[in-house]
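S.K.: Here it is, the structure in full.
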């Protein structure tokens, strides 16, 4: 069985300079969508900032996934980082042999330290 980690990409940067640019672009989009009405710069900026920060928070709350190949079948298992017993992406390297067991829609992947990462199978291909 081979393991391969994957994570949802962060659509919004965490660097304050990049975040400011993302907010600026969003405020410009709001301005254009609103009919290019002048005099609402601060309003557009505040709305853009709220949207960007909300989307960033939603992104960090998203579940992560691990991909495991068992006898030619690829399983994608999602896990919640907050309840993964300290698992960090990259702990299981691509091509690394891992022990896996299944129970219903759950997939348990044995980690190098002996603990198991509990995931929910969300996709099976192959």
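The values are calculated or read from the model by the stated rules, or taken from the named source; none is laboratory data. Computed from a prediction, not measured in an experiment: that's the story for all the values here. Ideal geometry is used to build each Cβ from the backbone, glycine not excepted, and the neighbour counts take in all protein chains shown.
S.K.: Look at residue 6 and say whether it is surrounded by 11 or more Cβ atoms within 10 Å (Cβ to Cβ) and modelled with pLDDT of 85 or more.
M.R.: No: the conditions fail for residue 6.
S.K.: Then there's this: Given 82, 56, 22, 27, which one is assigned by TED's automatic domain parsing to the domain that holds residue 121, over 18 Å from residue 124 (Cα atoms) and assigned to a helix (DSSP H, G or I)?
M.R.: It is 82.
S.K.: With the checklist (1) surrounded by 10 or more Cβ atoms within 10 Å (Cβ to Cβ); (2) in the same structural domain as residue 103 (by TED's automatic domain parsing); (3) more than 18 Å from the chain's Cα centre (by Cα) in hand, flag the one item residue 47 doesn't pass.
M.R.: Among (1) surrounded by 10 or more Cβ atoms within 10 Å (Cβ to Cβ); (2) in the same structural domain as residue 103 (by TED's automatic domain parsing); (3) more than 18 Å from the chain's Cα centre (by Cα), the lone unmet condition for residue 47 is (2).
S.K.: Right, something else. From 30, 66, which residue is surrounded by 11 or more Cβ atoms within 10 Å (Cβ to Cβ), over 24 Å from the mean Cα position of the chain (by Cα) and either closer than 22 Å to residue 92 by Cβ or modelled with pLDDT of 90 or more (or both)?
M.R.: Residue meeting the stated conditions: 30.
S.K.: In the stretch 33-44, what residues are exposed (fewer than 14 other Cβ atoms within 10 Å of the Cβ) and assigned to a loop (DSSP other than H, G, I, E, B)?
M.R.: Hits for the stretch 33-44 are 34, 35, 36, 37, 38, 39.
S.K.: Being crowded, with 18+ Cβ neighbours inside 10 Å, modelled with pLDDT under 90 and either under 19 Å from the mean Cα position of the chain (by Cα) or closer than 11 Å to residue 119 by Cβ (or both) is true for just one of 87, 75. Which residue is that?
M.R.: After applying the criteria, what remains is 87.
S.K.: Next up: State yes or no: is residue 48 touching a helix residue (DSSP H, G or I) at 6+ places or on another chain (Cβ under 8 Å) and touching a residue at least 12 places away in the same chain (Cβ under 8 Å)? I'd like the intermediate steps shown before the answer.
M.R.: Details: touching a helix residue (DSSP H, G or I) at 6+ places or on another chain (Cβ under 8 Å): yes; touching a residue at least 12 places away in the same chain (Cβ under 8 Å): yes.
The answer is yes for residue 48.
S.K.: Also: Among the residues of the stretch 94-103, is any within 30 Å of residue 18 (Cβ to Cβ), in contact (Cβ under 8 Å) with a residue 12 or more places away in the chain and touching a strand residue (DSSP E or B) at 6+ places or on another chain (Cβ under 7 Å)?
M.R.: For the stretch 94-103, residues within 30 Å of residue 18 (Cβ to Cβ), in contact (Cβ under 8 Å) with a residue 12 or more places away in the chain and touching a strand residue (DSSP E or B) at 6+ places or on another chain (Cβ under 7 Å): present.
S.K.: Could you tell me whether any residue of the stretch 107-122 is at pLDDT below 90, surrounded by 13 or more Cβ atoms within 10 Å (Cβ to Cβ), assigned to a strand (DSSP E or B) and touching a strand residue (DSSP E or B) at 6+ places or on another chain (Cβ under 8 Å)?
M.R.: No, every residue in the stretch 107-122 fails to be at pLDDT below 90, surrounded by 13 or more Cβ atoms within 10 Å (Cβ to Cβ), assigned to a strand (DSSP E or B) and touching a strand residue (DSSP E or B) at 6+ places or on another chain (Cβ under 8 Å).
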